[in-house]
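Single-structure report; data block below.
The values are calculated or read from the model by the stated rules, or taken from the named source; none is laboratory data. If you're wondering where the values come from, they're calculated on a predicted model, not measured in any experiment. Don't worry about glycine lacking a Cβ; one is built from the backbone with ideal geometry, like all the others, and counts go over all protein chains shown.
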């Protein structure tokens, strides 16, 4: 009976003044030369050592900057047409005096090539199209950057959504193991056996293309790879002590999966997202090229390329800006992803 | 081994069945019906539906559809060329596409191999950097960028090769498309060969072979190359995917009368029957290649087989 009286008593909560600092904190020596660095500091340091990755990051940032600022930098809009000013070659103020970008273009005729400047022939001395104008008299500068904006939004949104889906799928499959894992992996195998291109094409044929449907269709292409990585990482981590500790303390499965394991595998996941962005940009461009892209008057890099393709022998300047921006964007994202992969996992062999 | 092969084949068949189901569902969802003609009266429409079996319950329709697909009866085209069996449309086009694809793989594999070996043997020199730059560009820039650039420079400007495909000069007009398609293959094989070769060159058995006094050539060809090239089969899967996607656009750019441009045309003219049939063919080809790759990989590297049998 004595025990119960003890238990019902209010437990004593220790106060701060009950403790006294023992020893002197200034005496503790910290090795500043070889001080341990935080994980992310080391990652940044390793990333900065890789020049190609830094260059890629700069390009990504510059293109993203122009994609959001560029369309507002002149008076034209991405859909504004002026049929009296169509097919004008690039012309930029001040630079035009150097002989480049002064609005001239070479036109192949039956008697050989001749150089013309449509700005003067059409009496437009004060008109400047920095990247030229297209077949409908739309400004290619504005269209290129607003296309880049659309492509980037689609690609990033698709990459993030398939990260969430793929990651959850892989983590759950790996954590529960056994029958759950078996069933989930069989489903995955079948999903992986279907060529993504086919599914994306068919989906867009049924549900008419638009920003949202393209994002949904693209989302279906990358989640398999993501879930494989998440599952492999989960299998590595789930036997570790911190998971056991968490479970002993009474944490539920979902808590362990998303609050304990997930923060530890964020590195490979981010790398995979970076790799899936250029893939999404490419797939979107491909869809536009076959006529399943973003509907007019909006444009994306892919639809600009497919428009430019129709006249690329007569007016090559129309296809160059979107194609260069897209190639640079894909290249830079790949470089950044490569650098990130090495920075996050220095043990990985270089490939 | 037997168990492993059977398991792979069963999975592949299930996948193919799943695709057929998806295709069938999508076909039901497709807007409009081919018999939406105003001029038809109800009895005519009913007789047409009966002719094509569209009056049957949906489950029966599905089974008929599956049986037809596997028998090789892919239906008829409604728009591109009216009432032509799709099998007939494809039959003349498939060899051209496969030819260009095969040439691309060959060019890519050969050049990529040389580039990778060069980079590995001259590690950390200008050659290595150059090969790395080429392979990074090849992996990340899509094939139709190369196709457009090549067709402008060598087809339009220099006129070395025809810009558009012509039946009279099949070899000459396949050069540019094959090269543009081969870039991804070349780049991934170069990257892979370099990484594997560097690892093999640093291994203990190479040191042993060298200390036995083997000559340089024998060392490279009999010992290093063989071991470095076995894992190359892992890059085959992304290559197949890239070739399929690439061929669609590249065939359109060079107007090659292949399967890829047929699919693009079918998409653009809403000829759903052709799209579905070609999707089935693409899927079947893809699944078949994946099956072969998986089995080959199991034969070559028993560790994979054991791991996959385990889970």
- Task: Go through the residues of region A:173-192 one by one and say whether even a single one is more than 13 Å from chain B (Cβ to nearest Cβ), buried (at least 17 other Cβ atoms within 10 Å of the Cβ) and over 29 Å from residue A:292 (Cβ atoms).
- Result: yes
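Of the residues A:294, A:257, which single one is surrounded by 18 or more Cβ atoms within 10 Å (Cβ to Cβ), in a loop (DSSP other than H, G, I, E, B), in contact with a helix residue (DSSP H, G or I) (Cβ under 8 Å, 6 or more places away or on another chain) and more than 13 Å from every other protein chain (Cβ to nearest Cβ)?
A:294
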- Query: Any idea which of B:181, B:164 is closer than 18 Å to residue B:255 by Cβ and not in a helix (DSSP H, G or I)?
  - Reply: B:164
- Task: Name every residue in region A:260-291 that is within 14 Å of another protein chain (Cβ to nearest Cβ), on the phi < 0 side of the Ramachandran plot and surrounded by fewer than 19 Cβ atoms within 10 Å (Cβ to Cβ), in order of residue number.
- Result: none
- Among the residues listed as A:199, A:190, A:194, A:229, the single one being in contact with a helix residue (DSSP H, G or I) (Cβ under 8 Å, 6 or more places away or on another chain) and at pLDDT 85 or above: A:229
- Message: Cβ contacts < 6 Å: first residue surrounded by fewer than 12 Cβ atoms within 10 Å (Cβ to Cβ), restricted to region A:49-73; second residue assigned to a helix (DSSP H, G or I), any location; separation 6+ or different chain. Result?
- Response: none
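Give B:105, B:139, B:100 a once-over and let me know the one that is within 18 Å of the chain's Cα centre (by Cα) and modelled with pLDDT under 85.
Among B:105, B:139, B:100, only B:139 is within 18 Å of the chain's Cα centre (by Cα) and modelled with pLDDT under 85.
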- Restricting region A:193-224 to residues that are outside any helix (DSSP H, G or I) and more than 8 Å from chain B (Cβ to nearest Cβ), which is farthest from residue B:273 (Cα to Cα)? A:210
- Note on the structure: Within region B:131-140, residues buried (at least 23 other Cβ atoms within 10 Å of the Cβ) and at the interface with chain A (Cβ under 10 Å from one of its Cβ atoms) come out as B:140
- Does region B:155-166 include one or more residues that are away from chain A (no Cβ under 14 Å), farther than 26 Å from residue A:317 by Cα, out of contact with any helix residue (DSSP H, G or I) (no Cβ under 8 Å at 6 or more places or on another chain) and surrounded by fewer than 19 Cβ atoms within 10 Å (Cβ to Cβ)? no
- Pick from region A:300-351, criterion under 20 Å from residue B:138 (Cβ atoms) and modelled with pLDDT under 80, ranking: nearest to the other protein chains (Cβ to nearest Cβ): A:351
- Query: So which residues in region B:265-283 are more than 10 Å from chain A (Cβ to nearest Cβ) and modelled with pLDDT of 80 or more, if there are any at all?
  - Reply: B:274, B:277
- Task: Select from region B:1-11 the residues that are buried (at least 17 other Cβ atoms within 10 Å of the Cβ) and either at the interface with chain A (Cβ under 7 Å from one of its Cβ atoms) or not in a helix (DSSP H, G or I) (or both) and list them in ascending order.
- Result: B:11
- Note on the structure: Counting only residues that are more than 17 Å from the chain's Cα centre (by Cα), surrounded by 19 or more Cβ atoms within 10 Å (Cβ to Cβ), assigned to a helix (DSSP H, G or I) and more than 9 Å from every other protein chain (Cβ to nearest Cβ), region B:227-264 contains a total of 1
- Task: Go through B:151, B:188, B:173, B:143 for me and flag whichever is out of contact with any helix residue (DSSP H, G or I) (no Cβ under 8 Å at 6 or more places or on another chain), in contact (Cβ under 8 Å) with a residue 12 or more places away in the chain and either within 12 Å of chain A (Cβ to nearest Cβ) or crowded, with 19+ Cβ neighbours inside 10 Å (or both).
- Result: B:173
